[in-house]
Amino acid sequence: MAKVSVSNLSKTYGKGTQAVKPCSFHIADGEFVVLVGPSGCGKSTLLRMIAGLEDITSGELRIGDRVVNDLDPAERDIAMVFQNYALYPHMTVAKNIAYGLKNRGTPAPVIEQKVREAADILNLTEYLDRKPGQLSGGQRQRVAMGRAIVRDPALFLFDEPLSNLDAKLRNQMRIEIRKLQRRLGVTSIYVTHDQVEAMTMADRIFVLNDGRIEQVGTPAEIYHKPASTFVASFMGAPPMNLLPGNYNGNGSVLLDDQTAIKIGQAANHKGAVQVGVRPEDVVLASPRDGVPFQIDVVEELGANRLLHGNLAGHPFTVSVGKEADAAPGISGLRFDPCAIHLFHPEEGHRL
Amino acid sequence: MAVADSIISVSQTHEPARAKRRGVKLSTIADHAILIAGALFMLVPVYLALTTASHDAVHIQREGLSFGFSDDLVKNFDAALFAKGGFTGAITGTTMLLNSFILGVGFAVGKIVLSMIAAYAIVYFRLRFATFAFWAIFTTILLPLEVRIVPSYEVIQGIGLTNTYTGLIVPLLASATGTFFFRQFFLSVPDELVEAARIDGAGPVKFFIDILVPLSRTMIAAIFIIMFVYGWNQYLWPTLITTEEGLFTLVRGIRQIIQAMAEGSQIPEYGRMMALAIIAMLPPVAIVILFQSWFVKGLVESEK
């Protein structure tokens, strides 16, 4: 168990492409941090630098009290779970789990006991003599977890560990991993491109975009106060609606068709803005009662419905509960002034 | 060969089972006719060798190859294996068999070890000229032993390795084919496996021995088959490098029997020679059959 401190860490590849721009952050002891972002945003590179699988171009990385920049992965006291599990196909489950301990010269009886403990935690006891090829995806995933926990590392690293599983198993493993991490209290860094995983598992989320950390915060902060249009549209499904508008400082924004929408907080920026509204932060009303909203398609999701349509000349999505009555046609929308987000029109940061 | 043929014929009969009732039957017959013809083409010479090996030398000299069995089969095989032959009378069939085994196994194992290590270096280490090195090795395919046989002989003779097993085996070991196959295989091993092993504290040697070698089992078996048979059938190089009869291999020993006898103005011992030819055929066949079951096992266990 350890805290992780990163200062000005960056990664530049041979041809001058900067995969990770200099970034600094601290991760507290026992914290579960999720790095999330689209593919190519540098999240995996950042994780691999922490693991020691990728050289650090500049900056300093500390795990616990040690600077580990130049240490070998094996000496960093970490364990990593890979996307494709990376189990040794010719070894039994028991040997897979034990391999790291064996290489460190742990005495055989201790290894055996630890493997049994790990297998017990992960419900793998009856599979210890099988080979990975004979296991299902979820079981292989658990073996990979077993290989990580058996060594009692200071830091767990997860590289999209659930993306090869089917949706149902993914939900289940998500909870299992989170429970396990709570129970063991090991600091963890988890990389994913799935915003649902990020929201549900993280103590803190780091949203990455284009090699840069765009926002750091708890899932609630990220969701309710996105720092930029990128975060706003990346986190949340369906994403936040973004409409061009105009703000003149008097407590409401004007949309393209001159409809005025009240906002809760004044912003110190006048002129063109981007107006962000979460699909669930609006209430359906009669056309006379609210802003006219043209519904084109109704998507039935069971628990709720998604209404895709057009507001002030721009695509707009609304999420309503299953009890709401909605059909294609003209409807009205009422906005909650406190749930209107304003962003800078070009740079996209929050106003 | 026979094994391969039977596998093909099995899959042929299964495939077009119910497509077209009458057309299929005719084409099945045609298929089988071709396969049977092929099998006969392969097997009849072997059979002929066996039957001929059961006659005495005089009969063979007079009548040529014969299809029927006679009484001298055991005698000829016994002579082939245990009778002392050659100019010095120092060599029997069993010693030649042993020599061939040493050549075949040494050749195959040496090639596998060498090419695996070469491929490991090329694939897993950031060498400056790795690609160049690989292509340099690869182009040696264009330079088989026959092309460089005179300089090879010069070198081996110069360092005094003629008439040794080392001289027999080592010059043949460097193998572009083996290196190429192992390189392709190593490239298909997922990178995560290396990374997982690094995190698990396995250094380069440990990774090679604990993970890469066991993963390559089927590959090793395949190359072993090819190389063993190749080594077993070597003729030119052993002829050059071994002059002592105690080091003769079977393949060149067969020829030696005829030559020795003919020069001694006797009737060559054809029966004994045929028996020896059959004995020379058996180990490669055995190796193929033995490793083939390994092969299938490796393919069925889905490992990656």
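Of B:213, B:205, B:229, all but one fail to be surrounded by fewer than 20 Cβ atoms within 10 Å (Cβ to Cβ), more than 14 Å from chain A (Cβ to nearest Cβ) and in a helix (DSSP H, G or I); the exception is B:229.
Residue count for region B:235-246, restricted to those that are in contact with a helix residue (DSSP H, G or I) (Cβ under 6 Å, 6 or more places away or on another chain) and part of a helix (DSSP H, G or I): 4.
Residue A:86 falls short on exactly one of the conditions (1) surrounded by fewer than 14 Cβ atoms within 10 Å (Cβ to Cβ); (2) closer than 17 Å to residue A:191 by Cα; (3) of a type in the set (A, V, I, L, M, F, W, C), and that condition is (1).
Residue count for region A:140-168 satisfying the condition of being surrounded by 17 or more Cβ atoms within 10 Å (Cβ to Cβ) and over 13 Å from residue A:97 (Cα atoms): 11. Would you check which residues across region A:182-203 are closer than 14 Å to residue A:220 by Cβ, outside any helix (DSSP H, G or I) and among the hydrophobic types (A, V, I, L, M, F, W, C) and list them? Within region A:182-203, just A:202 meets the criteria. As a summary of the residue check, residue B:73 satisfies the conditions (1) at pLDDT below 90; (2) within 25 Å of residue B:245 (Cβ to Cβ); (3) of a type in the set (A, V, I, L, M) except for the one numbered (2). Looking at region A:140-149, is at least one residue more than 14 Å from chain B (Cβ to nearest Cβ) and under 29 Å from residue A:44 (Cα atoms)? Within region A:140-149 (the criterion being more than 14 Å from chain B (Cβ to nearest Cβ) and under 29 Å from residue A:44 (Cα atoms)), the answer is yes, since at least one residue qualifies.
Take residue A:79 and tell me if it is part of a strand (DSSP E or B), within 30 Å of residue A:130 (Cα to Cα), within 14 Å of another protein chain (Cβ to nearest Cβ) and in contact (Cβ under 8 Å) with a residue 12 or more places away in the chain. Yes: the conditions hold for residue A:79.
In summary, residue A:287 fulfils each of the numbered conditions (1) over 20 Å from residue A:338 (Cα atoms); (2) modelled with pLDDT of 85 or more; (3) not charged (D, E, K, R) with the single exception of condition (2).
Got a sec? Which of A:47, A:87 is modelled with pLDDT of 90 or more, assigned to a helix (DSSP H, G or I) and within 13 Å of chain B (Cβ to nearest Cβ)? Residue meeting the stated conditions: A:47.
Is it true that some residue in region A:160-170 is under 21 Å from residue B:195 (Cα atoms), within 14 Å of chain B (Cβ to nearest Cβ) and touching a strand residue (DSSP E or B) at 6+ places or on another chain (Cβ under 7 Å)? Yes: one or more hits. Given the structure, is residue A:20 modelled with pLDDT of 90 or more and crowded, with 22+ Cβ neighbours inside 10 Å? When the stated conditions are applied, residue A:20 passes them.
Taken over region A:50-76, residues that are facing chain B (nearest Cβ under 9 Å), out of contact with any Asp or Glu (no Cβ under 9 Å at 6 or more places or on another chain) and over 22 Å from residue A:19 (Cα atoms) amount to 2. The residue that is surrounded by the fewest Cβ atoms within 10 Å (Cβ to Cβ), counting only those in region A:247-302 that are of a type in the set (Gly, Ala, Ser) and not in a strand (DSSP E or B), is A:302. The sole residue among B:246, B:158, B:178 that is in contact with a strand residue (DSSP E or B) (Cβ under 8 Å, 6 or more places away or on another chain) and either more than 14 Å from chain A (Cβ to nearest Cβ) or touching a residue at least 12 places away in the same chain (Cβ under 8 Å) (or both) is B:246. If you go through region B:184-197 and pick out every residue that is facing chain A (nearest Cβ under 10 Å), without any contact (Cβ under 8 Å) to a residue 12 or more places away in the chain and either over 21 Å from residue A:75 (Cα atoms) or surrounded by 20 or more Cβ atoms within 10 Å (Cβ to Cβ) (or both), you end up with 2. Restricting attention to region A:97-134 and to residues that are within 13 Å of chain B (Cβ to nearest Cβ) and touching a helix residue (DSSP H, G or I) at 6+ places or on another chain (Cβ under 6 Å), the residue that is surrounded by the fewest Cβ atoms within 10 Å (Cβ to Cβ) turns out to be A:130. Part of a strand (DSSP E or B), out of contact with any Asp or Glu (no Cβ under 8 Å at 6 or more places or on another chain), aliphatic (A, V, I, L, M) and within 19 Å of residue A:226 (Cβ to Cβ): does that describe residue A:333? No: the conditions fail for residue A:333.
The values are calculated or read from the model by the stated rules, or taken from the named source; none is laboratory data. Computed from a predicted structure; not experimentally measured. Cβ coordinates were reconstructed from backbone atoms using ideal geometry, including for glycine residues, and neighbour counts include every protein chain displayed.
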